[in-house]
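The values are calculated or read from the model by the stated rules, or taken from the named source; none is laboratory data. What you see is a predicted model; the values in this text were computed from it and never measured. Reconstructed Cβ throughout: ideal geometry from the backbone, glycine too, with neighbour counts over all protein chains shown.
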Amino acid sequence: MSPLCRIEGVLHYEGVSLERIAATWGTPCYVYSRAALTEAYQAYERALAGHPHLICYAVKANSNLAVLNLLVRLGAGFDIVSGGELARVLAAGGNPDKVVFSGVGKTEVEMRAALEAGILCFNVESESELVHLNRVAGGAGRSARISLRINPDVDARTHPYIATGLKESKFGIPYDQAYALYQEAAGMAHLRVTGIDCHIGSQLLDTGPFAQALERILTLADRLADAGIRLQHIDMGGGLGVRYGEETPPALSDYTQVLLRQLAGRAEHLIIEPGRSLVANAGVLLTRVLYLKHGQSRDFAVVDAAMNDLMRPSLYDAWHDVQPVRARSGAARRYQIVGPVCESGDFLARDRDLALAEGDLLVIGSAGAYGMSMSSNYNTRPRAAEIMVDGADAHLVRDRENIAQLLAGEHLLP
C-alpha cells in the first residue's frame, strides 16, 4: 500500500502532512517512508523463506545512512560498487560479512579497504581484475573470496542505459569464457572461489529473460561442480521493475518463484541484490511552484527542483507521477514541469494536466530510487534535504547543503 494519502484535501506521507514538511525543512526535499521500506524488504524475506538466502540491498539506489541503517536493523546485506559505498554501509552499522562488491573498475585502494573490512565476496568482472585482486590480496596477507560476474548475453528488454546482460555491455565476463577463467581463479594462491554472479539489468518487467539467465548460470555451475569447483552461493543480482505509471511489473511472488523453482533441491545459498524495488515507491520529491509561464505553444510550471535533484526524466526520459499537495479547483492547463537549471533538458514531467497557482507544492512520485543518489551540484545548486517519516513523526536524515559547503574545498591561485 502506498504511504501517500490525501486527508482533508492535503497529501500526507504516512501520517505527516507534506505541507508541514515543506514548512519545516523547505523545498526541494526528498521524503521517505519507514513503513514502506520495511514492508518492501519483509515481502522479499517472506517470498524467499523456502531457500537459504541473503538479500543484499543495492546501495547505489539510495545511499542515505538512515535508509541503510533501517535495512541493517531488518537484517539486510549490501551490494556495493565503490569504496565510498562500503564506508557508508560500515557507518550505518552494516555487517561486512554480508557485503558483496560489484563494479567493473575497482581500484586497488578500494580492494584493500574491502579486504581489511572482511567482506563476503568480490564480484569479479574481468580477467584483469582477477589478476589485480590476487596480487592485492597477497600483498595484504589475505585471501579474497570471489565470484565471477557472468554476462549471459540475455536481452532484459529494458532501457539500453540500464541493460547490463548483453555481450555488448561493459559488465561481466562473457559466458563462453567463464569456465576457463574459473579454473584459472581456482589456481590463484590468494583467491577463494565461493560463488557465481549475474545481473542482466534494471527495471525488468518480464520474468522470461531472468529465467533464461538463471538457467544458463545453473548450467555453468553444474559444469564447474563436475570439475571439482563447488560453489557456495549463486547471486542473481537485482533488477525487478516497479510501477512508475503504466508499467505492469511482475508480482514479487512471480519473480521469486522463478528463483525457487529452478533452485529447488540445490545446496547453494541464494543472493539477490534488489535496489529500486525496495526504495523507489518508498520516496517522493517535494517541490514548490516558483512561476507559471504561459507561452504561445506551451505552458510551463517552473519549480524549485531541477534535473540536478532528479536526473531520471532528463537522463532516461523517465515518467514520474506529479500531484499537487493541496488540490485546487478550477480549470486545468497542460503544463511542462521544469526546473531553474540552464538546460532545455531540465524537466521533471511533460504534458501534465493540472490546476496550479504560484506557490503551490507538488509531489513527484516514485522518487526513492536513483533520485538523491544521482543528484549533483550543477549550476552550483545545493543538494536537497532528506526526511524520513515514521508514522506521525518526521525526522531530518540529511541536512540541506549550503553554498559555503560547496565552496569549502576549492582554492584560489596564489
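Tabulated values for the structure
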item	result
Qualifying residue in region 383-403 (condition: among the small types (Gly, Ala, Ser), touching a Cys at 6+ places or on another chain (Cβ under 7 Å), touching a residue at least 60 places away in the same chain (Cβ under 8 Å) and surrounded by 15 or more Cβ atoms within 10 Å (Cβ to Cβ))	yes
From Ala392, Ala349, residue being under 28 Å from Ala36 (Cα atoms) and in contact with a Gly (Cβ under 6 Å, 6 or more places away or on another chain)	Ala392
Residue in region 160-171 that is part of a loop (DSSP other than H, G, I, E, B), at pLDDT below 95, in contact with a strand residue (DSSP E or B) (Cβ under 8 Å, 6 or more places away or on another chain) and among the polar types (S, T, N, Q) present	yes
Unmet requirement for Leu260, which otherwise passes all of (1) under 16 Å from the mean Cα position of the chain (by Cα); (2) closer than 21 Å to Pro209 by Cα	(1)
Condition check for Ala91: modelled with pLDDT of 95 or more and not assigned by TED's automatic domain parsing to the domain that holds Lys170	yes
Test: residue in region 315-324 that is in contact (Cβ under 8 Å) with a residue 24 or more places away in the chain and surrounded by 24 or more Cβ atoms within 10 Å (Cβ to Cβ)	no
Residue that is buried (at least 17 other Cβ atoms within 10 Å of the Cβ) and under 26 Å from Val59 (Cβ atoms), where the choices are Glu247, Glu273	Glu273
Every pair of residues 6+ apart whose Cβ atoms lie under 7 Å, when the first sits in region 3-24 and is in contact (Cβ under 8 Å) with a residue 40 or more places away in the chain while the second is acidic (Asp, Glu)	Pro3/Glu14; Val10/Glu19
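Every residue, every condition in (1) at pLDDT 95 or above; (2) closer than 27 Å to Ala36 by Cα, yes or no:
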| position | (1), (2) |
| --- | --- |
| Ile229 | yes, no |
| Glu247 | no, yes |
| Ala267 | no, no |
| Thr287 | yes, yes |
